[in-house]
Structures are given as structure tokens and as C-alpha cells.
Amino acid sequence: MDPLRRPLIAGNWKMHAGGADSCDLALAVAEATRSCGATDVLVAPPFTALAAVSHRLSEAGAALMVGAQNLHPEPKGAFTGEVAAGMLREAGADWVIVGHSERRQLFGETDELVARKTKAVLAAGLRPIVCVGETLAQREAGETLSVVERQLGAVLPILAERPGVGAIAYEPVWAIGTGRVAKPEDAQHVHGAIRGMLAEKSRELAQSTRVLYGGSVKPDNAEGLLRQPDIDGALVGGASLDAAGFAAIAQAAEKLASAGKPG
Ligand code: PEP
């Protein structure tokens, strides 16, 4: 595995945990992943919990990183209810998830908006995890790679300016929250294609960009996915709400990294 592509295991807590629950969960994850020295572990609580979680983790001396789930692309302005990248950084975020399929599907986010958000994340000194992935109908129509290529096409010129700073999450929409996980070889097929799309921009971008898989990752299927050469980590929804289960996924990544997984 390229040393630039340390495994990254990220938990997206969506709208599931408030401030107190998020702090307890973050501290439990930090404790349970303490031995994962070769793996980056990240949790993304809701906006209202970000500052408290970051504060509690730094008080505890934890290596856990913190991310946000969304942002507004403008740095400031009259956008009632929205949050800018600089505010996320001030609250202690290191990463921001951009273009999650729930944002694309439920909130109408377009490729163009996802690109603006990615740019804003980088401009604020934060790191984007840009989500891409096809719906079930698109998969059944044989459109997986063309959809992913279109979604990535909007952000690749931006990610190429700072190789290795951002990450991509391939999340087939039909696998998110459904318990229906992609077969490791099917996921690898798409990840390999994504690596090829990155390589068309630059070799450095392809070698240094972590491409995560997301969609019903659980402790019992994580190792098979993470073993694939182009799967550099996981974006985990449901299973990230249980500290022991999430830590088991991080430990699967750690085991492979320590064994010198090729990639
Ligand atoms: C997600 O929402 O990004 C996700 C992958 O969810 P789950 O793990 O629950 O499928």
C-alpha cells in the first residue's frame, strides 16, 4: 500500500446523536481504536456536536479526527441556517463529507454544487471526502461507471490542485442503509476504475488519493472489502453508531495495513 494512502475509516453519524451522545460515543470510539496506529479514524457528528466533540477528544489526548457532514459553499453571508467551512474549522473539524447521496437525493445537490463545496472545503484548509455512487436503477441500466465518471469529473480538477488532501467515497446508493453490501470484487471493479480516472489527471493524484467504500459496511464484511487493492478505507453509517462495531472495522483495516497490504 502506498504510504500516502493510510487506511481511513470514517463514521457518518448523520442526524442520530446530539451533543451529549456524540461526546460519549466519540470518547468510546477513541478508546476502542487506541491501538490503531496505522489507521486514520474519523467521526462526523452533527454540526451542533462538533465543537464539544473536538474539545472532549483533545482534552482526552485522542488521535481520533473529527469531520462535518455538510457545509455551505460560501465563506459567509445571509444564508439563514447554513454553516461555512471556516466555521467548521473553528469548531475543530479536520474533514468534511461532501455530496453524500442523501444530500444529492433529498436536498437536490448537483455535481456543480458539490464541486463548489469541495472548493470551499479546501480553501478553508479542510479536507473533503467527496461521495459518488449510482442508484439501483442506474446500476441495472449498466450506467455505474458513467455516473461515477460524471460525478467525479466535476471535482477532479479541484482535487488535482492538492493531490492526496481530499478523499473519495464510492457509495452505491442501493447499498446505503439497506444491509445490501457490494461484493468485494464488484466494489474493487469500480474502485479500480476510479483510480484510473484519477490517473488520467495525474499519477500523483492516483497514488495519493484514498478511495473509501461505503454502503452497509459492518464488522463481518469489512475485511473482505478492505483487502481489495483499491479500497483504502470505509465510510460507515449505521455501524459507526456502535463504538465496538466501528472499532472492529478500524481494526480490520489496521490488521491489513500492519501486514503490508499491497495496493
Ligand atoms: C452512509 O450513509 O454513508 C453509509 C454508508 O451508511 P450505511 O453504512 O448505514 O450503509
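Values as computed for the structure displayed
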read-out: Tally of residues being touching a strand residue (DSSP E or B) at 6+ places or on another chain (Cβ under 7 Å) and open to solvent by less than 40 Å² (accessible area, probe 1.4 Å) across region 97-133; value: 17
read-out: Qualifying helices (runs of 4 or more DSSP H) (wholly inside region 1-99; at least 2 residues being more than 30 Å from Glu112 (Cα to Cα) and at pLDDT 95 or above); value: 19-32, 47-59
read-out: Test: residue in region 80-87 that is touching a residue at least 60 places away in the same chain (Cβ under 8 Å), within 18 Å of the chain's Cα centre (by Cα) and buried (at least 19 other Cβ atoms within 10 Å of the Cβ); value: no
read-out: Ala239 being open to solvent by less than 40 Å² (accessible area, probe 1.4 Å), at pLDDT 95 or above and within 11 Å of the ligand (Cβ to nearest atom); value: yes
read-out: Every residue from region 91-109 that is more than 16 Å from the ligand (Cβ to nearest atom) and closer than 21 Å to Ala10 by Cβ; value: Ala91, Gly92, Ala93, Asp94
read-out: Out of Asp220, Asp232, sole residue that is within 16 Å of the ligand (Cβ to nearest atom) and over 15 Å from the mean Cα position of the chain (by Cα); value: Asp220
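The values are calculated or read from the model by the stated rules, or taken from the named source; none is laboratory data. Source: prediction; values computed, not measured. Reconstructed Cβ throughout: ideal geometry from the backbone, glycine too, with neighbour counts over all protein chains shown. Keep in mind that these areas ignore ligands, DNA and RNA; they rest on the heavy atoms of the full protein, side chains included. Shrake-Rupley method; radii C 1.70, N 1.55, O 1.52, S 1.80 Å.
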